[in-house]
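Asks: Below: one structure in structure tokens.
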Amino acid sequence: MFEKLNLLIPIGNFIRNKSIQNFLFLAIIQSSNILISIISVPLLIQSIGLDQFGLVNLGLSVMVLVNVLIVFGYNLSAPKEIAIYRDDKLILSQIISKILFAKILLGSISILLILLAILIFNAFSDYKVIVIFSTLIIVSEVFNVVWFFQGMEKMKLVSIANIFSKLLFLMGIVLFISSPEQSHWVNFLMGLFGAIINLSLIVYIHSVLGVKFIYPGVLIIWGSIKENILLFLSSLSSYLSTNFGLVILSFFEGPDSLGMYSLAEKVVLVLRLFPALIIQAIYPNASRLFKNDQNHFFRFLKRVYLKVLLLGAFISIGTYFSANMIIEVLSRTGNLDESVNYLRILSPMPFLACLNIGNITLLLVADLKELLFRASWIMCLYTLIICTYLTGLMGGVGLCIGIISTEIVVFIICLFLLYRHKKDLLYGFYL
């Protein structure tokens, strides 16, 4: 019976497809992140309170911003390098070594600057203890090697490791976090378990895969950083555009409002991972297709794009109509109408973010770093200006409207830049 079914539906071939495997295991990683995030929110709100929950998320936002510096665009450039040279152990050793040493350098500088800012300028005065304990998240990101397994198209192990890390974090919350005075341990536990798992993966790469770690020298490290500067600036601007809302709101509202907004934002940012997940999953295969057969590449990308748009629309519509239930489940309490309103305004974001998947993939596979840089920073400046203005005018509602408008504007910007500089790519994909 199963043999007949397999003739009708070639499940084995489907599963063996490397892009599908990449997507499935990246989906497992993000799904575990979503699940643990959903479970941890009510636990944290009940144990540390809504105001401390807002401050913990504010501290986490600072760390994620710093992590953009640590990643430095390697999440975009490294998988492509690894995919091309994955059969050459010597070149693989050189690639992973230069990236890890560059991230160690960037991480050390980042932690030092944060501590100096707190000690000298009294930065993060309302939550500086939370920020200090959160710096372990930076250490975790320094040793994050998901990009290596993505390029090797061997995501099974790293997906299992990620789930294990998140389960340890959840267990830590249950066992050790029980009062508002312990709120500074939340992000510390996240960073601690992440660092342990990431270091274990590095040991696996060396001992099982036979990849050596060699100090590449200052010039090679510096050269690697210089090569990625445009990708880093693009990633930084993208982060500021989509994740800096909580920081902007902190200038205008108190901890209670921050907690209300943070609850809705957490849901939307998790859902917004969907388009980023798609790009990461198809990127190695798309790069090879673009290099070898552009007609095949355009057909491949169109198929993915249409399916993703339909799924993105379904996610957005579902989020809008179930907003009240989502907030109630996460908070385990009623009377959070403000959070429900924020979530409904932000609900179109997953679909709008999916609109730009085709454009971003075109820019990445064609190595158009300069165009990506321009698009990202035009979007960033627009976001900071419009969100700050609307937040000052309308509070959290204005911030939500500004963030939604950003997704539309960046899609138009990317279309315009591709039309001006790479019409053949634009026509090849859309026509």
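Asks: Two decimals, Cα atoms only, Kirkwood Rh: what is Rg/Rh over region 207-340? Intermediate values should be presented prior to the final figure.
Replies: Numbers: Rg = 21.1 Å, Rh = 19.2 Å.
In region 207-340, Rg relative to Rh is 1.10.
Asks: Express the carbon and sulfur contribution to the solvent-accessible surface of region 282-431 as a percent, rounded to the nearest whole number, probe 1.4 angstrom.
Replies: After summing per-atom areas, the C and S share lands at 65 percent.
Asks: Additional query: Using DSSP to define loop residues, name the chymotrypsin sites (Phe, Trp or Tyr not before Pro) in region 275-332 whose beta-carbon has at most 12 other beta-carbon atoms within 10 Å. Before the final figure, lay out each step's value.
Replies: Working: sites: F290, F297, F298, F300, Y305, F314, Y320, F321; in loops: none.
When the chymotrypsin sites (Phe, Trp or Tyr not before Pro) of region 275-332 are filtered for loop state and at most 12 Cβ neighbours within 10 Å, nothing remains.
Asks: Ok, one more. Over 27 Å between Cα atoms, which of K166/K369; K80/K226; K103/K212; K291/K423; K166/K226; K166/K302 qualify?
Replies: Working: K166/K369 33 Å; K80/K226 17 Å; K103/K212 17 Å; K291/K423 18 Å; K166/K226 33 Å; K166/K302 34 Å.
Beyond 27 Å: K166/K369; K166/K226; K166/K302.
Asks: Against the empirical 2.2 N^0.38 Å scaling, what ratio does the C-alpha Rg of region 179-225 come to? Intermediate results must be reported in sequence, preceding the final value.
Replies: Numbers: Rg = 16.9 Å, N = 47, 2.2 N^0.38 = 9.5 Å.
In units of the globular-protein estimate, region 179-225 measures up at 1.78.
Asks: Taking K and R as +1 and D and E as -1, what net charge do the other residues with C-beta under 13 Å from the C-beta of I278 add up to? Walk me through the intermediate numbers first.
Replies: Working: positive: R272, R303, K307; negative: none.
Result for the local shell: +3.
Asks: Also, I was wondering about something else. Mind ranking 336-343, 396-403 by how tightly packed they are, going by the mean number of other C-beta atoms within 10 angstrom, highest first?
Replies: Values: 336-343: 20.9, 396-403: 23.1.
Highest mean packing first, the order is 396-403, 336-343.
Asks: Along the principal axes of its C-alpha atoms, what lengths does the chain span, in descending order and rounded to whole Å?
Replies: That works out to 55, 55, 47 Å along the principal axes.
Asks: Give me the Debye-computed log₁₀ of I(q)/I(0) at q = 0.14, 0.15, 0.17, 0.20 Å⁻¹ for region 144-263, equal point scatterers on Cα only, no solvent, two decimals.
Replies: Here log10 of I(q) over I(0) equals -0.96, -1.05, -1.17, -1.22.
Asks: Quick one: what Rg and Dmax do you get for region 272-358 from the alpha carbons, in Å?
Replies: 17.0, 57
Asks: Ranked highest first by the average count of other Cβ atoms within 10 Å around their residues, in what order do 248-255, 120-127 fall? Mind dumping the intermediate values first?
Replies: Numbers: 248-255: 17.8, 120-127: 12.4.
Going from most to least packed, we get 248-255, 120-127.
Asks: Sticking with this structure for a sec: Determine by what factor the alpha-carbon radius of gyration of region 54-188 differs from 2.2 N^0.38 Å, reporting the quotient.
Replies: Taking the Cα Rg and dividing by 2.2 N^0.38 Å, one obtains 1.21.
Asks: If you consider only alpha-carbon coordinates, what radius of gyration and Dmax does region 272-427 have, in Å?
Replies: 17.8, 57
Asks: Something else now. Report, please, the projected area of region 136-197 averaged over directions, based on the convex hull of its C-alpha atoms, in nm².
Replies: Orientation-averaged projected area of the Cα hull: 4.1 nm².
Asks: In addition: Which three semi-axes in whole Å describe the equivalent ellipsoid of region 351-418, each the square root of 5 times a Cα gyration tensor eigenvalue, listed largest first? Intermediate results must be reported in sequence, preceding the final value.
Replies: On the way: eigenvalues 132, 29, 10 Å².
In descending order the semi-axes read 26, 12, 7 Å.
Asks: A further question follows. Any idea of the accessible area per residue across the chain, 1.4 Å probe, to the nearest Å²? Write out the running numbers ahead of the final one.
Replies: On the way: 19960 Å² over 431 residues.
Here the residues of the chain average 46 Å² of exposed surface.
Asks: Separate question: How much mean residue ellipticity at 222 nm does the chain get from its helices, if each DSSP H run of length 4 or more adds -39500 (n - 2.57) and you divide by all residues, to the nearest 500 deg cm²/dmol? Walk me through the intermediate numbers first.
Replies: Numbers: 22 runs with 368 residues, N = 431.
Helix contribution divided over all residues of the chain: -28500 deg cm²/dmol.
The values are calculated or read from the model by the stated rules, or taken from the named source; none is laboratory data. The structure presented is a predicted model; accordingly, all values stated were derived computationally and were not measured. For neighbour counting, all protein chains shown are included, and Cβ atoms are generated from backbone atoms with ideal geometry for every residue, glycine included. Remember, those area values only see protein heavy atoms, side chains included, never the ligands or the DNA or RNA. Shrake-Rupley method; radii C 1.70, N 1.55, O 1.52, S 1.80 Å.
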